[in-house]
Amino acid sequence: MDVDKQNANPTILSLSDLPSRRRGSNLNRRNDGSTGLFDGLIPQYSHLNDPFEQSLSSSDSDDDSVEDIDEQEVFDLISSISDPEHPLSLGSLAVVNLPDIHIQPPSSPHSSISTVLVEVTPTITHCSLATVIGLGVRVRLEQALPPRFRVDVRIKKGTHSTDEAVNKQLGDKERVAAALENGTLMGVLRKMLSTCE
Amino acid sequence: MSDIQQFLLEYDRNKREASQIAQKSATRLTDGDLKLLKLIEELGEYFNSEDVAIRVKSIAYLAEVLGFVPPKVLSLQQRNLLCDFVLSRTEDGDGIGSCAKALLALEERGKWDGERAQTIMETLLANTSPLRQYKQQSERYPVLRLIDALLAKYRDALRTLHDSQPDFLSRFIAYFDGEKDPRNLMLVFSILRVPMTEWNIGADAQDLFDAVFNYFPITFRPPPDDPYGITAQDLKDRLRECISSTADFAPYAFPALLDKLDSTSMNTKRDVLQAITSSVQEYGPRTVSLYSITLWDALKFEILNVQEEDLAEEALNGLAAIAQTLSQGTSGPLNAYLRPIIKECNEHLEDAPTKQSQAAARIVSKIANVSPDVTNLLLAGILPTMFTLFQSADNMAKRRGLLEVFVQLIKANIDVYGDWRSTGSAGASAPKGALAQFRDQALEVLLHGLETSPVNNVSYRLVCADGLLQLSKVRELLSEDDIGKIIQLLHAIVIHEESFGKDEIKESAINSLVEIAHQKPQVVIDKAFPAFMAQLPDTDEGSSGHVAVLEAFAKMANEEDVFDTVILRLKNKFSAAVSQNASSGYIVALLSAILYALTKGSNKLEQDPNTSTYYQDIVLPLLKRTSSADASHPEAFNNETTLDLVGRICNIVVRSQSTEQQEAIASELYTLFRGTPQAELPPFNISAPPENHKTMIVSTHLLASFRKETRLPCEIEFLVSSLVNYTQHSDLSIPVRSASLRQLSLVINKFYSAGALKTCMDPLTEAPFELFHPEKLNPPRIRVIFACLKGILLRSSPVLAKLYPKLLDFLSHPKYGAAIAHGFSTLLQPDDLITKQNHCQISGLHKQKSFALLVPNITQAFREASAETKRNYLIALSGILRWLPFDIVIEEVPSLILLLLQSLDLKGEDFVKEAAIGTLASTLAEKPEVVQEHAGSLISRLLANSVLNKESPTPARVRAAACRCLMLIPDKLKLEVVLPYRRQVCRKLIAALDDGKREVRSAAVKCRARWLQVDEAGDDDD
């Protein structure tokens, strides 16, 4: 059986403790402290009842404010990736953490390239699957972020016995490309990414 | 030529023809044209033929004839003779299948005695063992059916055989050795199950067990178009029944099963776990006690190191089944079984929260509620360690992990011993021991945890709150004082705590209060209600914190036992606020709270016809305040939204009243007790003062609440024509106009008889009004047309066939065609006032009816329409489709698909696009073959709509919907259709990944991930 599991008994975070967009954002909070319980009492769609009102109403629901891609969004993209060893998400195993995700804006006004830096924390310091996890995060972000983002995935400093070697591997474009040609590895990655939401 | 000769001739050429010959012989036997003796004589020659094939065919003939002969034709003597004869043929070895069929036919025509059954069984064993020597499945199958019938009908006789002959059972078992065909195996399993369950199998137990277990695990996969319909599951079920059939198997079954549990195949493991569970359930406590620890050691592995979620679930079922079975026996074995479980779980809990501590928690909670004994033992074994661990824990996460297990244990306790209002599985017996012993400690830990931990410790506090709720529910555990403490803490959180995050704690606290109110209503009323009331001032100084408190308080109305009190307190608060001149905002909040509470208790109102107190105390005062002009009329009541709330409150109370009670209000429908004659008020007097118009909103809600038998305050025709005139008045505010139009729909829907409904539109369509005259068309008239139709179409009246064509003609109207087209979406749109609860007449088939009358005509007219008006037809179509359940549309979808695709090209019609995408998505899900040939144009249009386009910007909602619909395509259409578009889709969607709206990006990411998998689909199929 799976005697080769590197860490058979990892610590698990509760889902309600993971960072999520709604928590702490006060954008939707009403100034009177209410939760909007009474809003549904008078149905919103009454205005649709008139043939002459709807062309107006269709456009006002969409304002022009832009929601930028932020760290939380990157976290949401990768926290649901499964761990290759356990049927648990990287978020609940605290392998990816919101404070370890950094988005750096373009370095000069002429450039449009932003950088996403993700630091991964393996569950144990000698985890040989750290590379695979890093690769999974990298593949997911390259598939899900627009091309103006440069993706940089690293092992968090001091959390892995060979973090520098692994970082070198993850940073080397050609080695990443070669790894993705490997059928078995791709199979593992596909399984990891299949739980992404 | 004799029948047998003809039969032999036909047999190889045409089986059916041969059968008919046999049937003819049977008829002749029945009619007496053919003597049995003669028939046998004719057969004699062939029975003794040198040619095996002829011998086989002649016995087949006999079997067929016997099968066709009606009962009672053959005498007992004849049947006995035939039996002996057929049985003697089994020596031959060929034609055994037909022999068995013949014997079965004979048995059906007259019951045998025990001796005969024994002889047949013995002869079969002597002459035909083992059965596998016959290569044809069709030969063996009838024999198995014969033995199955023998076991079913001559149980005692066969059992005597076994009791009198020591070697019978071993010969019997050996007889079926080597069977491979699934159809036969089904019979073999059910045959062997009889000795297993009923005979004293003694020394043959192992052989008998091996005879079935050799087939474990079943790996049979039925052929693609299997005509026999036997599935692997059928075989597995029968095999499992065999394995679990007798406790005598235990010494062989458990070691063999546990051995197979090491298999690498998930399917095998699943079968093993299921077999273990059902064996444990059947073998009885004495046998199970011998293996319980061995089983625990094996099963726990599946839970602590989860491979597949469902395997862990099966293993948990197994553990619970062991506890269940042992509970039926003495306490010693149960103790012995639970001891290692408690020890191991306690060890894992030490390092909570980890994967294994979670597994330990699952084990404990799964087992804990199987019986009172188990609950007591587990609680006594786990709670002491748990509280020690808790006290020494150095971090919150660990404490949370421990409390989660504790909450599960309390729940198990409730399952077994019940809560305050109902008893549990243990009946009325009082809970004893373990939990009561830790009651005070638990209460203190949980109260302290919820009260003092920082607000950002959400998950920890949630567990504490849940624990307190469960604790307060346990039957006869806490005193009312203790429950009072819990309530106090909970309402303090609801009322005073600063809002944090998603406010999960506040929400959980208020829901807990509602649940506790179900258990102990009076304690909640005494403790929590005064606290809520104290937070609600009679008059506010513009502060606004009270809305949150009101929301929480209104939620309490969910619990029936405190509903009346909630309403009473809210009503008093409202009166006080009005008399103290409170702000409009506060008054609206109070009204909202009353309405919310009434909605939650509306079931109670409907069951209880005695709502007149609510009418006297709430409705009447509100109506008087609405219409009065003096100081009792709050300023808030000049606002149309407030009046809408007032109307809804009145509606909910009045609608469950009887017709007689309603008539008292009906006469005041428009006057609202203000003493002015009705004729001077709207809708009869258009030039009434402006404040009088607003009360039309309240009148609409009252009208909606009336039963259709309730008498209106004037003639219905007069009311309709007054409303039609009134709604055209240009000075009306939008809410008043909309309310008046809905009155029109309500009156037409409820108060016309079916006959009058057919002609109700005539006065409006004729001169001088001429509602449908194209030249006179204008916005107010269009509104009237749709309001009237809305009332009619819900009743599926035949008059629609006359009215709809006029409406469809207007789609090409040069000036108002587009407005009419948009109006179509109002026809089937659900309306919160025109409902069954409001006594409206709503035919179950009205959607089908309107669909059938409108949609085919629209598609037809679309083809003939001019280029400028084509879009009107698309708009109208989507306006209908968006409200229809897809099963109504599904048959017509092929004719709509081109229109739907063109709808995606319309500029600026976002609702239309959204509806079209919705229908296309449903089509993909339910009837993908329709879309197949249009894949290319569908994909390119969805792509165009998913990306923000500067020239005609689609809203985020539409872009996201397009992405979601696009994501369905690879799942629903064939790979070879989809594959060519993969590159294009993945490339174009990159732009959507950078959309300005998060909703769109999220849909685009998922969609693109699905499309990226497209070329991989082929090689991961395992």
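The values are calculated or read from the model by the stated rules, or taken from the named source; none is laboratory data. Just so it is clear, the structure is predicted and the values come from calculations on it, not from any experiment. Using ideal geometry, Cβ is built from the backbone for each residue, glycine included, and neighbour counts are taken over all protein chains shown. What goes into the accessible areas is simple: the full protein's heavy atoms, side chains included, and nothing from ligands, DNA or RNA. Shrake-Rupley method; radii C 1.70, N 1.55, O 1.52, S 1.80 Å.
With θ taken as phi - 60° and the coefficients 6.51, -1.76 and 1.60, list the Karplus ³J(HN,Hα) couplings across region B:846-859 in order, rounded to whole Hz; mark glycine and proline as x.
5, 5, 4, 4, 5, 4, 5, 7, 9, 5, x, 5, 5, 4
When ligands, DNA and RNA are left out and all protein chains stay put, how many square angstrom of accessible area per residue does region B:334-387 have with a 1.4 Å probe? Intermediate values should be presented prior to the final figure.
Numbers: 1650 Å² over 54 residues.
Spelled out: the 1.4 Å probe surface of region B:334-387, per residue, equals 31 Å².
Please give the calculated 222 nm ellipticity per residue for the protein assembly as shown, where each DSSP H segment of at least 4 residues contributes -39500 (n - 2.57) and the sum is spread over every residue; nearest 500 deg cm²/dmol?
On the way: 60 runs with 764 residues, N = 1219.
That calculation yields -20000 deg cm²/dmol at 222 nm.
Using per-residue counts of other Cβ atoms within 10 Å, averaged over each peptide, order B:356-366, B:28-38 from highest down. Numbers along the way, then the final one.
Numbers: B:356-366: 22.6, B:28-38: 13.5.
Listed from highest to lowest mean packing, they are B:356-366, B:28-38.
With a 1.4 Å probe and all protein chains kept in place, how do B:L979, B:L877 rank by accessible area, largest first?
Numbers: B:L979 75, B:L877 0 Å².
So the residues, ranked largest to smallest area, are B:L979, B:L877.
Give the peptides B:799-808, B:381-390 in descending order of average Cβ contacts within 10 Å, highest first. Walk me through the numbers before you get to the answer.
Working: B:799-808: 16.3, B:381-390: 18.3.
Top to bottom by mean Cβ count within 10 Å: B:381-390, B:799-808.
Kindly state, as a whole number, the per residue volume in cubic angstrom of the convex hull around the alpha carbon atoms of region B:1-48. If you can, show how the numbers build up before the last one.
Numbers: hull volume 3.1 nm³, N = 48.
In region B:1-48, the Cα convex hull volume per residue is 65 Å³.
Restricting to Cα atoms and excluding each atom paired with itself, what does the Kirkwood estimate give for region B:75-154 in Å?
On the way: mean 1/r = 0.0798 Å⁻¹.
Answer for region B:75-154: a Kirkwood hydrodynamic radius of 12.5 Å.
Over the Cα atoms of region B:13-111, each weighted equally, I'd like the Debye log10 I(q)/I(0) at q = 0.10, 0.15 Å⁻¹, rounded to two decimals.
-0.24, -0.55
Accessible area lost on pairing B with A, both sides, 1.4 Å probe, Å² to nearest 100? Numbers along the way, then the final one.
Numbers: alone 45030 and 13330 Å², together 52600 Å².
Counting both chains, the buried surface is close to 5800 Å².
Using every alpha carbon pair in region B:478-553, what percent of pairs falls into each 5 Å bin from 0 up to the bin containing the largest distance?
Calculated over all Cα pairs of region B:478-553, the distribution is 3, 15, 28, 23, 16, 10, 3, 1, 0 percent.
Give me the Kirkwood hydrodynamic radius of region B:619-690 in Å, from all C-alpha pairs, to one decimal place? Walk me through the intermediate numbers first.
Numbers: mean 1/r = 0.0760 Å⁻¹.
Averaging 1/r across every pair of different Cα atoms and inverting gives 13.2 Å.
What range in chain B is the longest one free of GluC sites (Glu not before Pro) that are in a loop by DSSP and have at most 15 other Cβ atoms within 10 angstrom? Display every interim value, and only then the final one.
Details: sites that count: B:E50, B:E91, B:E308, B:E476, B:E497, B:E498, B:E541, B:E709, B:E715, B:E766, B:E770, B:E933, B:E951.
Segment B:92-307 is the longest.
Once every Cα of region B:232-293 carries one equal point scatterer and solvent is ignored, give the base-10 log of I(q)/I(0) from the Debye formula at q = 0.18, 0.25 Å⁻¹, two decimals.
Relative scattering, expressed as log10 I(q)/I(0), comes to -0.59, -1.07.
Given 25 °C and 0.890 mPa s, how large is the Stokes-Einstein diffusion coefficient of region B:171-264 in µm²/s, with Rh as the Kirkwood radius over Cα pairs?
Numbers: Rh = 13.9 Å.
Using the Kirkwood radius from Cα pairs, D works out to 176 µm²/s.
P(r) for region B:320-413: what percent of alpha-carbon pairs falls in each 5 Å bin, starting at zero?
3, 15, 28, 25, 16, 9, 4, 1, 0
For region B:546-685, what does the alpha-carbon gyration tensor say about shape, rounded, prolate or oblate, given a ≥ b ≥ c as the root eigenvalues, a/c under 1.5 as rounded, and a/b over b/c as prolate? If you can, show how the numbers build up before the last one.
Numbers: a/c = 2.26, a/b = 1.22, b/c = 1.85.
Taking the square roots of the gyration eigenvalues as a ≥ b ≥ c, region B:546-685 is oblate.
For region B:871-929, what value does the Rg/Rh ratio take when both radii are computed over Cα atoms and Rh is the Kirkwood radius, given to two decimals? Walk me through the numbers before you get to the answer.
On the way: Rg = 10.4 Å, Rh = 11.2 Å.
Expressed as Rg/Rh, it is 0.93.
Enter the mean projected area of the convex hull around the alpha-carbon atoms of the protein assembly as shown, in nm², rounded to one decimal. Each step should come with its number before you reach the end.
Values: hull surface 253.6 nm².
Averaged projected area of the protein assembly as shown's Cα convex hull equals 63.4 nm².
Using the Kirkwood formula on the Cα atoms of region B:568-633, what hydrodynamic radius do you get, in angstrom to one decimal? Present the calculation step by step, with values, prior to reporting the outcome.
Values: mean 1/r = 0.0782 Å⁻¹.
That comes to 12.8 Å for region B:568-633.
Using the alpha-carbon centroid of each, what span in Å lies between region B:59-93 and region B:882-912?
What the calculation gives is 69 Å, centre to centre.
Anything over 32 Å Cα to Cα? Flag those among B:K343/B:K411; B:K802/B:K913; A:K191/B:K411; A:K173/B:K502; B:K260/B:K355, in the order listed. Intermediate results must be reported in sequence, preceding the final value.
Details: B:K343/B:K411 21 Å; B:K802/B:K913 30 Å; A:K191/B:K411 36 Å; A:K173/B:K502 41 Å; B:K260/B:K355 26 Å.
Violating the 32 Å limit, Cα to Cα: A:K191/B:K411; A:K173/B:K502.
Roughly what angle does helix B:800-809 make with the longest principal axis of chain B, taking Cα atoms, 0 to 90 degrees, to the nearest 10?
The two axes meet at around 70 degrees.
Hey, what D do you get for chain B in µm²/s if you plug the Kirkwood alpha-carbon radius into Stokes-Einstein at 10 °C and 1.306 mPa s?
Details: Rh = 37.1 Å.
The Stokes-Einstein estimate is 43 µm²/s.
What span do the alpha-carbon atoms of region B:883-981 cover on each of the three principal axes, reported in whole Å from largest to smallest?
Cα spread of region B:883-981 along its principal axes, largest to smallest: 34, 33, 18 Å.
Over all residues in B:992-1002, what is the mean tally of Cβ atoms on other chains that come within 10 Å of each residue's Cβ?
Average per residue, whole number: 5.
Filter the cross-link list B:K847/B:K907; B:K57/B:K180; B:K520/B:K624; B:K72/B:K153; B:K815/B:K950 down to pairs whose alpha-carbon distance in this structure exceeds 31 Å. Kindly include the intermediate steps, with their values, before the conclusion.
On the way: B:K847/B:K907 28 Å; B:K57/B:K180 26 Å; B:K520/B:K624 38 Å; B:K72/B:K153 20 Å; B:K815/B:K950 29 Å.
Those over the limit are B:K520/B:K624.
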